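K.L.:
Take a look at the following structure, please.
The values are calculated or read from the model by the stated rules, or taken from the named source; none is laboratory data. As the structure is a prediction and not an experimental result, all values here were calculated from the model. As a convention, Cβ positions derive from the backbone with ideal geometry for all residues, glycine included, and neighbour counts pool all protein chains shown.
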Amino acid sequence: MIWMARVLAGPVLWAVLFSAVYALHGAGCHLGWSDRPLGFTDLHHAAMWTVWIGGLLLHAGLVVWMPAGQGRARWIIVAGTWIGLVSSAFTLFPVIVTSTCF
Amino acid sequence: MTDATQQGPGRDAGAGVLPDGTAIEAADIAASPPQRALVLHRQLDKVWRDLPGWRGFFTSVNHGTIGLRFMATSFVFFAIGGVLAMMIRAQLATRDGAFLDVELYNQIFTMHGSIMMFLFAIPLLEGLALWLLPKILGARDMAFPRLSALGYFCYLFGGTVIVLSLLFGVAPDGGWFMYTPLTSRTYSPGINADIWLLGVTFVEISAMAAAVEITVTILRCRAAHMPLTKMPLMAWYLLGTSVMMLLGFPPLILGSILLEVERAFGWPFFDVARGGSPLLWQHLFWLFGHPEVYIIFLPAAGALSTIIPILSRTTILGYGAIVAAVIGLVFLSFGLWVHHMFTVGIPHMALAFFSAASALVAVPTAIQIFAWIGTMYEGRVTLRLPMLYVMGFFATFVMGGLTGVMLAMVPFNWQAHDTHFVVAHLHYVLVGGFVFPMLAAVSYWMPLISGRWRVAGLGEAAFWLILIGFHGTFFLMHLTGLLGMPRRVATYPGDPEWEWLNLISSIFGMVQAAGFALFAFDIVMQWLFGRRSWRNPWKAPTLDWAMPLPAPSYNFASLPGPRQPDADAILPLARGEGLLPGAPRGWRETLVVEPGSGRPQHVMVLATNTALPVATSAAIGSFFAMMLAGLYWLAPLGILATLIMAWRWGEIMGTTTDHPPAEVAPGLSLPLHWQVRNTLAHTGAVALLVADATLYASLLFGVGFLTVVAPGWPAPETGFGPWMLPLALAALAAMAVSTVIAHLAEARRDSAALRVWTLAGLGAAGLGLALLAPLALGLDDPTRHARDALRGAVVGFAVAHGVIAVMLALRAHVDAVRGRIGGDRRGALPVWQLFQKFWLATSIVSVALICAQEVLA
């Protein structure tokens, strides 16, 4: 089952990141983080960016270091890591380009 | 003879290793000597056949019988749902339609959607999976035959109640997604909504049973040395489906429970005036509802990936890419439920998240479409009847997918929301992505089901009627939708420009209905009058055709092994040259393998014919019936009856003696499942707890969601007072002690003090449960505010799991007393441990959550 865990690692990380950013989004709006300036942005965006970028780095690590096995077994693991990376990059990209609580 | 079981207590005896510790490789498995096929057939048939007559109906647990029943029953409900659809089309054919009044129209469109979704689509895929999986994987039955039968009777009873409600004029009428507050007690005072909530939840027991069953069967009941990376694609699709069911159904079940509790007892989860939110229902519903589309699509896509290469006389293109696409779909489909809620007023950020995810999910879908087209391009397509339905799938589903991408874009969604454009889209996706492939599948596998070949011409005529009727009906709905016609209206007197489009839709709707009737007629004719089919009529390489026609109850006289990987092995397998030939011990046996590699691990002895499943479903049904009748004070009797039945399930499991290992092949013997730890039951318990954890996570999501959307929560009154925290900590301590004892009991199962250990564990678990009671009673009135209602739900979750843990502890103690534990025999100990850990972990989170609320209040 280690093979299956490797295949699922990328998509699972996407699910975790998606949930974390979505939860941060709701909690930040409730706590008024978007009204608290932080550098060139606000606390709300900064928190979500941090989680997202940290997650992308983890994804990149999976893509580079995790694949194992040979032939079809390796190919499916590689595909799984890229599915996770692309999904996280694409679906969470809106955290940097859209407004938050309205 | 090599004996793989000679290992000491505490080890997982015979777990796919030879006595010297090396793994069982394919080369270690020799061919069994050939025997007379007829003798083997008689021996197996005696053990595996159903009882004759009505006794057989109530006692059969065989996957072939139950799977066919599921499929036949689902087609009956499909016919009922289809008649309702025709009534809808009759009503909408003219703008002042007087065929139905508004009240009845509401019931009919609600019932049409509910029947097609919950009583047709899901049960049909369950039935197909139950019937087909052991055949393509090289097994004799599913992992839990009694669970299959239980699921069927829950489906039959629940579905019957839902349909009968229509005859009595009390059918659900709030739309198939039952939005609150329309379905709350204030606006739906009758029992219509209760029938949906209780009936669908009753039916969903069958879905959860099937999900556990399918997951475990695919992972553990494959042919020896069939690795995951080489199993048929259909199995990959069904594995994805079953995992999605384990994760997708719990939010719906939770939502239904919460709404029914609100309606019955006034706990305000969705009532805005008391801190609830109707959007919580929408979130929970669509957390299920959107993955549901893919739950339906994946088995259909599996059928396509099976049929297309065979009828194109080639092999599938891009096996690895398709597996990766399935995995991507399984995950991504859980990230786009909010696209059903784009117009409810949610923040821009969430709109953007879910719009992006909705667009992205088209990618893995497209990969599969291209793989299928590429396969057809590489091969030589023969336009037999199943292939016609495949073509119908392409023509229909691709259009549905494209309109899906359109609807994923927020600005377009705002324009088309709740119009007939959406009705057209969902029918293109569901009929194109499920019904056409399923009709292809039925046409393809009918010779294996009936042993007969179809009557020429009828099927083709039915196909063209369905295809033309469908597109004539639903293509025009895109136009009526773009013209602004809303869904769920019975008349449209002020909008004559919609009338001719609706009239044409209705006419084609009748053509489509005639096509489905002809399809059913074709099946009946084939069954009754078709000529006998020859073996493997499609020249398929898959194991499902490596058996006589029609498929016998035991599937294979001997199980496929490394030397019998495909349909060419039909004669050697019938002569017993595979693994586990015949039924020499008079038991229903199948092989259990290691999940990844497929190395054989042990032999599972499966349940035989029993009426326990039907009795258990009747007990569960009694609870739902009393709730439906408003006899809430009697409903606990239904729970008690269910617990008694659950106890009976454990009674006929286990063994008091050590059995010798079973000879699987010359030189290779494996232990029976009673004498290993990592049994199918253990894997099934893990799968069930995954679903259970999802339900709990959904409950926590509800707490979080209401916390951030409901302003001004009141401070607790009695709250979590000073005496309650020590009580909660004492309960957690008792749970922790019983968890430790469960481990110690297994570690010391050979000792004379075993009974003392299990008794102590039972006492500790019972104490933990008892300490939860005053905790539950000490909380604020749950009808006061959503916060209090959620607290009640969280504590109720802990109490319910406490009851299960105590029952399992009692089961373990009785196993110890009766001598079912000792040596390699562990009885109920491993499953008890699992539930104890789960109960402890979720209870710790619940107590921490309630404490945090106190601190933050």
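K.L.:
Is segment B:66-78 home to any residue that is within 27 Å of B:LEU476 (Cβ to Cβ), in a loop (DSSP other than H, G, I, E, B) and out of contact with any Gly (no Cβ under 6 Å at 6 or more places or on another chain)?
P.N.:
Taking every residue of segment B:66-78 in turn, none turns out to be within 27 Å of B:LEU476 (Cβ to Cβ), in a loop (DSSP other than H, G, I, E, B) and out of contact with any Gly (no Cβ under 6 Å at 6 or more places or on another chain).
K.L.:
Mind checking which residues of segment B:335-378 are assigned to a loop (DSSP other than H, G, I, E, B), more than 11 Å from chain A (Cβ to nearest Cβ) and surrounded by fewer than 22 Cβ atoms within 10 Å (Cβ to Cβ)?
P.N.:
Step one: list which residues in segment B:335-378 are assigned to a loop (DSSP other than H, G, I, E, B), which gives B:336, B:342-347, B:361.
From what is left, the residues that are more than 11 Å from chain A (Cβ to nearest Cβ) are B:342-344.
Across segment B:335-378, the qualifying residues are B:THR343, B:VAL344.
K.L.:
Hey, can you tell me all the residues within segment A:21-46 that are surrounded by 15 or more Cβ atoms within 10 Å (Cβ to Cβ) and either outside any helix (DSSP H, G or I) or more than 11 Å from every other protein chain (Cβ to nearest Cβ) (or both)?
P.N.:
The answer is A:TRP33, A:ASP42, A:LEU43, A:ALA46.
K.L.:
How many residues are closer than 12 Å to B:LYS135 by Cβ and assigned to a loop (DSSP other than H, G, I, E, B) if we restrict to segment B:501-547?
P.N.:
Initial filter on segment B:501-547 (closer than 12 Å to B:LYS135 by Cβ): B:540, B:542-547.
Those left that are additionally assigned to a loop (DSSP other than H, G, I, E, B): B:540, B:542, B:546-547.
Total satisfying the criteria: 4.
Quick grid of which residues meet (1) outside any helix (DSSP H, G or I); (2) over 24 Å from B:ALA362 (Cα atoms); (3) more than 8 Å from chain B (Cβ to nearest Cβ):
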| residue | (1), (2), (3) |
| --- | --- |
| A:LEU57 | no, yes, yes |
| A:ALA60 | no, no, yes |
| A:VAL63 | no, no, yes |
| A:ALA73 | no, yes, no |
| A:ALA79 | no, no, no |
| A:TRP82 | no, no, yes |
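K.L.:
Another one. Against the condition more than 9 Å from every other protein chain (Cβ to nearest Cβ) and under 19 Å from B:PHE354 (Cα atoms), how does A:TRP52 come out, does it pass? Write out each step before concluding.
P.N.:
Numbers: more than 9 Å from every other protein chain (Cβ to nearest Cβ): yes; under 19 Å from B:PHE354 (Cα atoms): yes.
Answer is yes for this residue.
K.L.:
Return the residue satisfying two criteria in turn: it lies in segment B:679-718 and is among the hydroxyl-bearing types (Ser, Thr, Tyr) and within 18 Å of B:PHE288 (Cβ to Cβ), and of such residues it is farthest from the other protein chains (Cβ to nearest Cβ). Before the answer, list the steps.
P.N.:
Narrowing segment B:679-718 to residues among the hydroxyl-bearing types (Ser, Thr, Tyr): B:679, B:683, B:694, B:696, B:698, B:707, B:718.
Next, only the ones that are within 18 Å of B:PHE288 (Cβ to Cβ) stay: B:694, B:696, B:698.
On the way: B:THR694: 12, B:TYR696: 15, B:SER698: 12 Å.
That would be B:TYR696.
K.L.:
Please go through segment B:736-786 and pick out each residue that is among the acidic types (Asp, Glu) and either at pLDDT 95 or above or farther than 30 Å from B:ALA273 by Cβ (or both). Let's see the steps before the verdict.
P.N.:
Let us first name the residues in segment B:736-786 that are among the acidic types (Asp, Glu), namely B:746, B:750, B:780-781.
Listed by number, the residues that qualify are B:GLU746, B:ASP750.
K.L.:
A follow-up question, please. Spot the failing condition for A:TRP33; the list is (1) in contact with a strand residue (DSSP E or B) (Cβ under 8 Å, 6 or more places away or on another chain); (2) at pLDDT 95 or above; (3) aromatic (Phe, Trp, Tyr), and only one is missed.
P.N.:
(2)
K.L.:
Only one of B:ILE295, B:ILE327 is within 14 Å of chain A (Cβ to nearest Cβ), among the β-branched types (Val, Ile, Thr) and crowded, with 24+ Cβ neighbours inside 10 Å. Can you tell me which?
P.N.:
Values: B:ILE295 fails: within 14 Å of chain A (Cβ to nearest Cβ).
When all the criteria are applied, what remains is B:ILE327.
Here's the yes/no breakdown for (1) crowded, with 18+ Cβ neighbours inside 10 Å; (2) more than 31 Å from the chain's Cα centre (by Cα); (3) not hydrophobic (A, V, I, L, M, F, W, C):
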| residue | (1), (2), (3) |
| --- | --- |
| B:TYR554 | yes, no, yes |
| B:LEU559 | yes, no, no |
| B:ASP568 | no, yes, yes |
| B:PRO581 | yes, yes, yes |
| B:ARG585 | no, yes, yes |
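K.L.:
Scanning for something modelled with pLDDT of 95 or more, under 21 Å from the mean Cα position of the chain (by Cα) and surrounded by fewer than 23 Cβ atoms within 10 Å (Cβ to Cβ), does segment B:263-272 turn up at least one residue?
P.N.:
no
K.L.:
Right, next: Filter segment B:303-358 for residues that are under 28 Å from the mean Cα position of the chain (by Cα) and on the phi > 0 side of the Ramachandran plot and give the result.
P.N.:
B:GLY318
K.L.:
Regarding B:TYR155, is this residue crowded, with 21+ Cβ neighbours inside 10 Å and either closer than 19 Å to B:LEU197 by Cβ or not assigned by the TED database to the domain that holds B:GLN512 (or both)? Walk me through it before giving the result.
P.N.:
Details: crowded, with 21+ Cβ neighbours inside 10 Å: yes; either closer than 19 Å to B:LEU197 by Cβ or not assigned by the TED database to the domain that holds B:GLN512 (or both): yes.
Yes: the conditions hold for B:TYR155.
K.L.:
Go through A:PHE90, A:PHE18 for me and flag whichever is facing chain B (nearest Cβ under 8 Å) and without any contact (Cβ under 8 Å) to a residue 12 or more places away in the chain.
P.N.:
Answer to the selection: A:PHE90.
K.L.:
Only residues that are surrounded by fewer than 24 Cβ atoms within 10 Å (Cβ to Cβ), part of a helix (DSSP H, G or I) and in contact with a Leu (Cβ under 9 Å, 6 or more places away or on another chain): list them for segment B:220-235, please.
P.N.:
B:LEU228, B:ALA235
K.L.:
Show the residue pairs meeting these rules: Cβ distance below 6 Å; 6+ apart or different chains; first residue within segment B:549-561 and more than 18 Å from B:LEU579 (Cβ to Cβ); second residue buried (at least 21 other Cβ atoms within 10 Å of the Cβ) and among the acidic types (Asp, Glu).
P.N.:
none
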